[in-house]
Amino acid sequence: MKEFTKETIWQVRNSTLGVYVHFPYCLKKCDYCDFFSVGIGSGPANDESTLFNAYQKEVLERISHFPKLRERTVDTVFLGGGTPSKASSTNWQNLIQFLRSEFSFASDTEISIEINPEDLSPKLLEEYASIGINRVNVGVQTLNPKGLEFLGRHYDKNKYDSLVSTLTHSPIKRVGIDLMYGIPGLNASDFYQDLDIFLGANLPHLSLYSLTLEKGTQYSRDVSEKKKTEPEEYTQSDILITLPELMKKFGYRWYEVSNYAKPGFESKHNLKYWTYEPYLGIGPGAHGMIEGFRYGNPRNADLYQKKLPTDKYEPITPSSELSLTLFRLFSPFRYLEFIETHLEKKSQSKYIQTIESWEKRGLCELDDGVFQWKKEALLLLDDLIFEIAD
Ligand code: SF4
């Protein structure tokens, strides 16, 4: 256990609940984005107040369908999107108060919001701190104007120039950013130049993603019409395998394929997805996993507000789903506990045999019921996960 003791070891936690709220509007739809999001320009959404009423209605309907939800303690709330920083802080404050009135909250509940650079300001961070938000994540993607243009993202020079200083002086200390690599037209050193700036700022959480080509996006249409090129795969693999050692030197823990955090600054909410913990998803396009069932809301804000299909639930199938989430973790976890809690006997033995074969192939370490990937597994991860899934 020598290697593991310095790190948090994730384990099964089944009595808590995360809440995810999807705000679907953005200033502009980015070309690569396949989230349910609608670009509406710089003003507020016409239906903002009715949408926030619908959020409350959905929470009440989900609770009436699953009264046991009230027995759980909410320990994470994640305000995502879209661009939730586009909605008024008062609406978020009222929604958080409403959630507090419906559920019991843990004393250290993590309440996160995603902010887009155009909305970021010291005043906004003060407002968020005052309404109880205690974690912020900014979708930077790149500081390079050429890269932002390729991605079809809105670029406001003043906002990008002041971004690092605003974040380092934030009254909220749990701060993270998303950075992307493999953007055509930028090379690895352009990415490391961005990364250096945020490492220099000592931000506690960095999500470092590769650009992907998703079907149905403007980017994928542009690639089919030869107007744009595909993500730079070679650069992406090179950066992917370089990052773990590099980030370790700066004191970050590599806890998920694309996520690095200073100890104790991991995203508690996102960890729920990877450790298969229940979460209530609220809002158009949101998904949830509660009381053994999954559901998905319509990717249409009008439809969502008119009629919530809160009676459509699919039973979860842990034998295929557990592998897709748990084995994205690169920090150690109690694999036997997860397997015994979530899987039937037959699937348990298949999981255990496959895991033991990975150990023999030098891809992971096992010790006293604890699993941890070795970095040799990184480029093979998708295939390995496929091996274990039912
Ligand atoms: S701001 Fe984020 S959610 Fe909105 S379109 Fe761009 S990538 Fe998608």
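A few comments on the model shown:
- Residues of the stretch 369-390 that are assigned to a strand (DSSP E or B) and among the aliphatic types (A, V, I, L, M): Val370 alone.
- Applying the criterion of at least 2 residues that are among the charged types (D, E, K, R) to the helices (runs of 4 or more DSSP H) found wholly in the stretch 244-330 leaves 268-274, 301-306.
- On the stretch given as the stretch 331-360, residues that are outside any helix (DSSP H, G or I) and under 23 Å from the mean Cα position of the chain (by Cα) total 4.
- Within the stretch 147-158, residues that are closer than 17 Å to Ser121 by Cβ have Cβ atoms under 8 Å from residues that are outside any helix (DSSP H, G or I) in these pairs: His154/Leu27; His154/Lys28; His154/Asn116, counting only partners at least 6 apart in sequence or on another chain.
- Among the residues of this structure, Asp156 counts as one that is within 14 Å of the ligand (Cβ to nearest atom), surrounded by fewer than 20 Cβ atoms within 10 Å (Cβ to Cβ) and under 19 Å from Asp178 (Cβ atoms).
- Search result, residues across the stretch 4-29 that are surrounded by fewer than 21 Cβ atoms within 10 Å (Cβ to Cβ) and either within 13 Å of the ligand (Cβ to nearest atom) or among the basic types (Lys, Arg) (or both): Lys6, Arg13, Leu27, Lys28, Lys29
Here is a yes/no grid of residues against (1) touching a residue at least 60 places away in the same chain (Cβ under 8 Å); (2) within 30 Å of Glu118 (Cα to Cα); (3) part of a loop (DSSP other than H, G, I, E, B):
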position: Leu51; (1), (2), (3): yes, yes, no
position: Gln56; (1), (2), (3): no, yes, no
position: Ser64; (1), (2), (3): no, no, no
position: Arg70; (1), (2), (3): no, no, no
position: Asp75; (1), (2), (3): yes, yes, no
position: Gly80; (1), (2), (3): yes, yes, no
position: Asn94; (1), (2), (3): no, yes, no
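- From the options Val138, Val74, Val59, residue that is within 16 Å of the ligand (Cβ to nearest atom), crowded, with 17+ Cβ neighbours inside 10 Å and at pLDDT 95 or above: Val138
- Pro117 vs. criteria over 16 Å from the mean Cα position of the chain (by Cα) and surrounded by fewer than 16 Cβ atoms within 10 Å (Cβ to Cβ): no
- Any hit, the stretch 102-118, residues being among the polar types (S, T, N, Q), within 20 Å of Thr168 (Cβ to Cβ) and in contact (Cβ under 8 Å) with a residue 40 or more places away in the chain: yes
- Arg294 meets each of the listed conditions (1) in contact with a Gly (Cβ under 6 Å, 6 or more places away or on another chain); (2) closer than 21 Å to Glu314 by Cβ apart from (1).
The values are calculated or read from the model by the stated rules, or taken from the named source; none is laboratory data. Only a predicted model underlies this, so the values are computations on that prediction, with no experimental measurement involved. Methodologically, a virtual Cβ is constructed for each residue, glycine included, from the backbone with ideal geometry; neighbour enumeration extends over all protein chains shown.
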